[in-house]
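> Quick one: the structure is below, and I'll ask about it shortly.
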Amino acid sequence: MWEARVKKALAVMIQHNLVKFEASERNNNIAEYSIIHHNVYCLLRYPKYLYMIKRIYGTSEEILLEILLNLGQASASNVIFQSANRLKEANDDSEISDPSALHQSFLKLAQDNFIIRCPKLADNASMQKVPTLVVEEKEKFTVPHLEIGPIAKLLKENATQLGEHSDSEVIWRVNHERFDVELRNVILVNAAARRVDSTAGELYHLILKLWRECSNPDSPTTNALSFNVIKDAVRKNEGSSPVLLEHFEQYLRVLYEDTSSLITKVGDAGGGQFILNYSIVFENLACATLDSIVLERFGSKALRLFRLTRIQKFMEQDQMQNIAMIPAKEAKMFTYKLLEHNFLQIKELKKGTSNFAPVKSFILFHVDLPQQVARTALEASYKGLFNAMVRQMHDLTDNKRLLDKHARLETLLESLRGEGLPEDELAYLSDSMTAAEKSLVARIHSMNDHLTLGQTQADDTILILESYLKFSSMT
């Protein structure tokens, strides 16, 4: 009984790309299963995925992605069929639920790498106890020919199952790595907009598109783009604002001269050569994030000591309090608070004058950003995100009856208001909930909104710190 349940649980997790398996190194006839930690965490980002696809493409692509996320892995025909059924139920417009239009939407998602083929059985899989799964690089984003006619026929017959179809062995899943790149780009565009203004963010978004077309997104630095290429792209882009077209050179200069290094100029050929150094940019973003954490937890004086030590690399206690202009007692208190919470590290240097004289030692404070501080903040962000989710679930579960009652009352009042019921009767119905209950519902909704916002901000912090650690390990 338990064995069957374990098998079923493993099958479900493999279907949803949360677990992978491979032959054991000690015995090729035994499969070893392991969790794909990143994919598990990405479950929290599914609402962001759907919003992003709707913003970039539209409703049809959003439905396709939602169906694929619900299924975990599925063939293109199955995803299109179920999406058409969903759209047909929600809207009677035949053009929206047309499988040919959905096929084109699926092609867009594959061409832009938002979905990817799952590996299939290798040719020699039948000879192995633990099968090997492979997929060729050139086939990863290639959609095979689909038979749309049979799908349209089944939809007209109001069928609920697709049955056998031509591409049943070509299985697709969501490409989390591509969404990570897009979420990363959103953070960079927002940083440019906050640093300068919305027009600079618009220009930076366009330049990121050009870099994505000519560079590997996992490389710590992009390939160079010339001034003329960027200028032509701005002119050809239909959505470019008049302000950007008029002041393009000034905005580009502001971005590459800014200390945040969102754009780095590396040459003068073709009007100037520009690259994006991910390791430097995300180091700056990580430093800004850590500064904000230190400020919130320990105050402005602790932030001054932390920032000073990070800039100066190594500092003695006396140097820190003198340069930061903080009284000795407070400087020592904040220094050891930062040390206790792993935001500062110490290094002992020993200096021996002779074989018989006592050894003199110096204690230096420093900030080990990639190995200690960033990882500590990342762990705290995971804990904070988890705590926010648990608290949100606790509040909604404990007050479920009250929230359901409020939702039913609001639905009833809305329908009666549409029928033209007088306001005095509506007010009488509204009084079926006491003022204390209404106040509690408002407080729960407010707390829920704050916790949701906190989870979003924690996820952004996690993405920044993970990107920094990823690119810093490459340099």
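The values are calculated or read from the model by the stated rules, or taken from the named source; none is laboratory data. Keep in mind the model is a prediction, meaning the values are calculated, not measured. In this analysis, Cβ positions are derived from the backbone assuming ideal geometry, glycine residues included, and neighbour counts consider all displayed protein chains. Each accessible area value is taken on the protein alone, full model and side chains, heavy atoms only, with ligands, DNA and RNA left out. Shrake-Rupley method; radii C 1.70, N 1.55, O 1.52, S 1.80 Å.
> Calculate how steeply helix 198-214 sits against the longest principal axis of the alpha-carbon atoms of the chain, using the helix alpha-carbon long axis, and give the answer as 0 to 90 degrees to the nearest 10.
On a 0 to 90 degree scale, this one is about 80.
> Tell me, what is the percent relative contact order of the chain, built from C-alpha pairs under 8 Å that lie six or more residues apart?
In percent, rounded to a whole number, it is 9.
> Same structure, new question: Tell me, what is the percent relative contact order of the range 179-276, built from C-alpha pairs under 8 Å that lie six or more residues apart? Don't jump to the answer; show the numbers that get you there.
Working: 100 pairs, mean separation 26.6, N = 98.
Across the range 179-276, relative contact order equals 27 percent.
> So, R0 is 30 Å and r is the distance between the beta-carbons of E213 and F386; what FRET efficiency does that work out to, to 0.05?
0.20
> What pairs from K20/K156; K120/K383; K236/K470; K108/K231; K48/K108 go past 30 Å between their alpha carbons?
K20/K156; K120/K383; K236/K470
> With every protein chain in place, what's the accessible area of Y41 (1.4 Å probe, Å², nearest 10)?
For Y41, solvent-accessible area is about 30 Å².
> If you average 1/r over every pair of different alpha-carbon atoms in the chain and take one over that average, what Kirkwood value in Å do you get?
One over the average 1/r among Cα pairs gives 27.5 Å for the chain.
> Taking the Cα atoms only, what angle lies between the long axis of helix 76-90 and the longest principal axis of the chain, rounded to 10 degrees?
Here the helix axis deviates by roughly 70 degrees.
> Working from the pairwise distances between different alpha carbons, so that the mean of 1/r is found and then inverted, what is the range 44-173's Kirkwood radius in Å?
Taking the inverse mean of 1/r over all distinct Cα pairs, the range 44-173 comes out at 15.5 Å.
> Please report, as a whole percent, how much of the solvent-accessible surface of the chain comes from carbon and sulfur atoms (probe radius 1.4 Å).
C and S atoms contribute 53 percent here.
> Which FRET efficiency value, to the nearest 0.05, is calculated for A31 and S446 with the Förster distance at 60 angstrom and r the Cβ-Cβ distance? Intermediate results must be reported in sequence, preceding the final value.
Numbers: r = 49 Å, r/R0 = 0.82.
For A31 and S446, the calculated efficiency is 0.75.
> Further, regarding this structure: Calculate the FRET efficiency for C118 and S430 from the Cβ-Cβ distance with a Förster distance of 60 Å, rounded to the nearest 0.05. Working shown, then result.
Numbers: r = 53 Å, r/R0 = 0.88.
It comes out at approximately 0.70.
> So, one more: To the nearest 10 Å², what's R307's accessible area with a 1.4 Å probe?
Accessible area of R307: about 100 Å².
> Which value in nm describes the separation of the simple spin-label points at A328 and Q104, placed 7 Å from the Cα toward the beta carbon?
Each label point is offset 7 Å from its Cα along the Cβ direction, giving 7.8 nm.
> Run down the lysines and flag those whose C-alpha is under 21 Å from the C-alpha of K347, throwing out any fewer than 8 positions away in its chain.
Here the lysines satisfying the reach criterion relative to K347 are K313, K332, K337, K360.
> Further question: Using only the alpha-carbon atoms, how far is helix 248-257 inclined from the longest principal axis of the chain? Give it as 0 to 90 degrees, nearest 10.
50
> Could you check the simple spin-label distance between M474 and S166, using points 7 Å along Cα→Cβ, in nm with one decimal?
For M474 paired with S166, the spin-label model returns 3.9 nm.
> I would also like to ask the following. Excluding the sites themselves, what is the longest stretch of the chain that contains no GluC sites (Glu not before Pro) in a DSSP loop with at most 14 other C-beta atoms within 10 Å?
Result, exposed sites excluded: 317-418.
> Another question, if that's okay. How long are the semi-axes of the ellipsoid equivalent to the range 279-382, from square roots of 5 times the Cα gyration tensor eigenvalues, in whole Å, largest first?
Ellipsoid half-lengths, sorted descending, are 27, 17, 12 Å.
> Still on this structure, please answer the following. So how much slack lies between Y336 and D291, counting 0.36 nm per residue of separation and subtracting their Cα-Cα distance, in nm?
Separation in residues times 0.36 nm, less the Cα-Cα distance, equals 14.5 nm.
> Please give the solvent-accessible surface of D291 in Å², to the nearest 10, using a probe radius of 1.4 Å with every protein chain present.
20
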